[in-house]
Amino acid sequence: MKIRIRFTKHGAVRYIGHLDVMRYFQKCIRRAHVNVSYTGGYSPHQVMTFASPLGVGMESEGEYMDIGIDDEHPDTGAILNALNEASVPGIRIRSVKILPEDAGNAMASVYASEYEITFFEDKKADCPDKDKLSGLIDMMLSSEKCIYHKETKKTSRDIDLKEFIYDLRMEDTEEPVVRMTINSSSSDSIKPVFVMEYLMNLADIKLPDNALKIIRLDMFTQGENGELISLEDVGI
Amino acid sequence: MSSDGLFLSNDILMSVEKPERYIGNEVNSCIKDPDSVRVRFIMCFPDVYEIGMSHLGIQILYDMFNSFDDVWCERVYSPWIDLDKIMREKHIPLFSLESQRPVKEADFLGITIQYEMCYTNILQILDLSGIPMESKDRTEEDPIVIGGGPCTYNPEPIADFFDIFYIGEGETRYRELLDLYEKMKDEGKTREEFLIEAGKINGLYVPRFYEPSYNDDGTLKDFRPVVDGLPLKVRKEVVKDLDDTYYPKKPVVPYIRCIQDRVVLEIMRGCIRGCRFCQAGELYRPVRERSVEKLLDTVYQMLDSTGYEEVSLSSLSSSDYTHLPELLDNLIVECEKRKVNITLPSLRIDAFSLDVMNKVEDIKKTSVTFAPEAGSQRLRNVINKGLTEEDILSGSAQAISGGWTKFKFYFMLGHPFENDDDILGIGDLANKVAAEFFEMVPRDKRVNGPISITVSTSFFVPKPFTAFQWAPQCTTDEFIRKAYVCRKGISEQLNQKRIHYNWHDADTSVIEALLARGDRKVAAVIKKVYEKGGIYDAWSDQYKHERWIEALDECGLGLDFYAFRERKDDELFPWDFIDIGVSKAFLLKEYKKAARGEITSNCRAGCSGCGAAAFGAGICPGAYKKT
Ligand code: SF4
């Protein structure tokens, strides 16, 4: 039996890297006395899979992990409470759901992520204001191709960002708030900063280092007809 | 302060390696309202977070202090060199992890001093905190800087940097010190007045009120207090009953992987053996055990509160813990249920320990460890290491028949009275173990591969309060020659291909000796090294030997005097004013016995009257007295 856990990450704990978040949950699950399944052998490991890793420094409303449970009828409400009790304030469990037998695991099924992006207070002066940014987004949406030079440690190549963006818009707020849903599958994906760099580039502005306050809002899998389904809604 | 309540800005946290070192907020870390406490105490381990967080002593004191309603205890560690550089450039003061406020705002800064090579990091901590490095320059605005830990048994080289040293085990006197502090603060007394009164508490030493004088040859002539009412001798503090004291039931759980990424259970303090090179064996006498009942109760609470998947037992010599079988029986059963791994401390290899290892570890992955420390029986008698060649070979034979193929051997080079034959004995011994394997295991039965033996040697550093405190240390050249003799000895063995040899760096060993047996004059050297940019000297990639050699030169001091010289029997040592229970007369007798290759029995086989019985604790009252 597998359950899917949705959790949030805010505040100081956003500086904790992905591997350490995994280690954190291994201990948190023990503190909460959740009846997790283990692999065999001399040093048994918890049966646990995480969805796409969150970059250091980012916050999130929608992180996911699937864990195995040695219980045919787990009390998901009790597990949620126990985990929250055993967790630090910056990491909260939002939901615990039972995964259907045929559901893909959290890592394999991630297709897209939704982000909310604002500028940090001390960098605002060097970033475009709301109107300007709105205009840039319109420009981007109306152009056919948006070629971005993607550089990783191993490769560097040109990609068309439009193939990876499913939604991009300004929120109706006083301060500039950008929302985007982009591909984050394990095979081929982009990062929110690519889109922001591209936008600023259109206005010849260089994005200052560490200017973006990024919150991942949710992660999605792809339904039969190509629709996006929140990973949370896969569970029951 | 950033929006997350952190002291460092997002820009800085995103630009340093492992920002998790600086954010606090760990599970079980203690947050209090600063307005609700009377004393803010910051505990410091002057090395990087992952090292400092692994230290049990701080966890014990952190738990103790925070159990006091009127005290908030926080932690701080050395910023790594990347952040160190930024803090200097941008004039950012050092801050504590819990409150994320400057260290300088605290009432006390307690620094645990576990090894000599961290001395420059102590200056880093003070400097970055904006606290004057020398006690005499501090004002009412500065925290009281207090040092503890094994290096404070010769505090003289760092005496100038501390207001108080706490000599001995921390559990006993802090409450008294804090009460005194609160009372004198209420009475509006000065820092100086407080320090004088603090110096009257047993175990506490306030260095600025003591003065040394020297003979023409540079040795110590006299050492005494210059303020009325302070004791001539400072006696170490000892916890008499380890079942009736503090132990952290909820240790802080770091996010990043630390050196000790597990529950650490201290089963006893002290050691019954009297290895003549070993300082810890003398400092922590008499040996005191915790009861199985208390330990089990504690360990399960710790596992529950931390979620650790591993537990390890800690002590100087766990095989000597009298109730080890009983403790392990219970622990193994319960940990299997909880899916918790047990890592064993280095146990003496025999039928019992191999059986236990077989139960808790994967034979293919783990190795069997021996620490004979010397290659020949003659030299093992000199150092009083009660381990014979027969013990080793029968242990290794049992391990081989149990299926183990990886063996580790630890030795020290440069012991007093060592000659080349003793060194050649190292290769001999390793070869004998390899030969055992090839005789015992036929070719077609070598399922785990052939035997692999790792021999590691470190260099001997004479330490205060050991039988060898009078002994000369080898020069760097002599050390390196010895390592070559050892390597050659190994390479001439029949089974040399199965033996892998590595040795520790010689440069740091002589500097360690300088700092271990130094006097107050050495403080100037440490300060100079720090001013030349020296920090993290305990890290081989950061250590620069030239800095120390230059600084010694500039101060007109030399290693000939501090490291390579044999001391006269009646020389007054800088640390003689500290009373650890074990008498100087006993240690001198041990040094003479070492020269003759005579052994001394361990405390359990018979008390040899070392002097620690004065504490009336642990093994001493019931020990068999030889006539
Ligand atoms: S007094 Fe005797 S029993 Fe006690 S520590 Fe010393 S030698 Fe051991």
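The values are calculated or read from the model by the stated rules, or taken from the named source; none is laboratory data. These figures come from a predicted structure and were not determined experimentally. Using ideal geometry, Cβ is built from the backbone for each residue, glycine included, and neighbour counts are taken over all protein chains shown. These area figures cover heavy atoms from the full protein model, side chains too; ligands, DNA and RNA do not enter into them. Shrake-Rupley method; radii C 1.70, N 1.55, O 1.52, S 1.80 Å.
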Subset of the range A:31-44 [on the phi < 0 side of the Ramachandran plot, facing chain B (nearest Cβ under 9 Å) and not in a strand (DSSP E or B)]: A:ARG31, A:ALA32, A:TYR42, A:SER43, A:PRO44
Answer residue from the range A:1-30, given it is aromatic (Phe, Trp, Tyr) and within 8 Å of chain B (Cβ to nearest Cβ) and is nearest to A:ILE98 (Cα to Cα) among those: A:TYR24
Subset of the range B:132-154 (residues that are surrounded by fewer than 24 Cβ atoms within 10 Å (Cβ to Cβ) and in a loop (DSSP other than H, G, I, E, B)): B:PRO132, B:MET133, B:GLU134, B:ARG138, B:THR139, B:GLU140, B:GLU141, B:ASP142, B:PRO143, B:GLY149
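Residue-by-condition table, conditions (1) surrounded by 22 or more Cβ atoms within 10 Å (Cβ to Cβ); (2) closer than 22 Å to B:ARG175 by Cα; (3) aromatic (Phe, Trp, Tyr):
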residue: B:SER29; (1), (2), (3): no, yes, no
residue: B:TYR49; (1), (2), (3): yes, no, yes
residue: B:GLY57; (1), (2), (3): no, yes, no
residue: B:PHE68; (1), (2), (3): no, yes, yes
residue: B:MET87; (1), (2), (3): no, no, no
Count of the range B:1-25 residues which are open to solvent by less than 10 Å² (accessible area, probe 1.4 Å) and at the interface with chain A (Cβ under 9 Å from one of its Cβ atoms): 4
Residue in the range B:548-555 that is within 25 Å of the chain's Cα centre (by Cα) and within 16 Å of the ligand (Cβ to nearest atom) present: no
Of residues in the range B:567-612 being within 25 Å of the chain's Cα centre (by Cα) and among the acidic types (Asp, Glu), the one nearest to B:THR475 (Cα to Cα): B:GLU590
Condition broken by B:THR322, with the remaining ones in (1) of a type outside the set (D, E, K, R); (2) more than 14 Å from chain A (Cβ to nearest Cβ); (3) touching a residue at least 40 places away in the same chain (Cβ under 8 Å) satisfied: (3)
Some residue of the range B:364-385 being open to solvent by less than 40 Å² (accessible area, probe 1.4 Å) and at positive phi: yes
The lone exception for B:SER315 - which of (1) more than 14 Å from every other protein chain (Cβ to nearest Cβ); (2) away from the ligand (no atom under 16 Å from the Cβ); (3) open to solvent by 10 Å² or more (accessible area, probe 1.4 Å) it fails: (2)
Count of the range B:595-622 residues which are more than 16 Å from the ligand (Cβ to nearest atom), touching a residue at least 60 places away in the same chain (Cβ under 8 Å) and either buried (at least 21 other Cβ atoms within 10 Å of the Cβ) or not in a loop (DSSP other than H, G, I, E, B) (or both): 1
Condition met for B:GLN124 (closer than 24 Å to B:ASN28 by Cα and open to solvent by less than 10 Å² (accessible area, probe 1.4 Å)): no
Selection status of B:GLU336, away from the ligand (no atom under 16 Å from the Cβ), within 14 Å of chain A (Cβ to nearest Cβ) and open to solvent by 30 Å² or more (accessible area, probe 1.4 Å): yes
Meets criteria (without any contact (Cβ under 8 Å) to a residue 24 or more places away in the chain and open to solvent by 20 Å² or more (accessible area, probe 1.4 Å)) for B:ASP33: yes
Pick from the range B:245-280, criterion without any contact (Cβ under 8 Å) to a residue 60 or more places away in the chain and more than 14 Å from every other protein chain (Cβ to nearest Cβ), ranking: farthest from the ligand (Cβ to nearest atom): B:LEU265
Only listed residue being crowded, with 18+ Cβ neighbours inside 10 Å, away from chain B (no Cβ under 14 Å) and over 30 Å from B:THR366 (Cα atoms), chosen from A:GLY62, A:GLY77: A:GLY62
Those helices (runs of 4 or more DSSP H) lying entirely in the range B:493-590 with at least 2 residues buried (at least 16 other Cβ atoms within 10 Å of the Cβ) and not hydrophobic (A, V, I, L, M, F, W, C): B:506-516, B:522-531
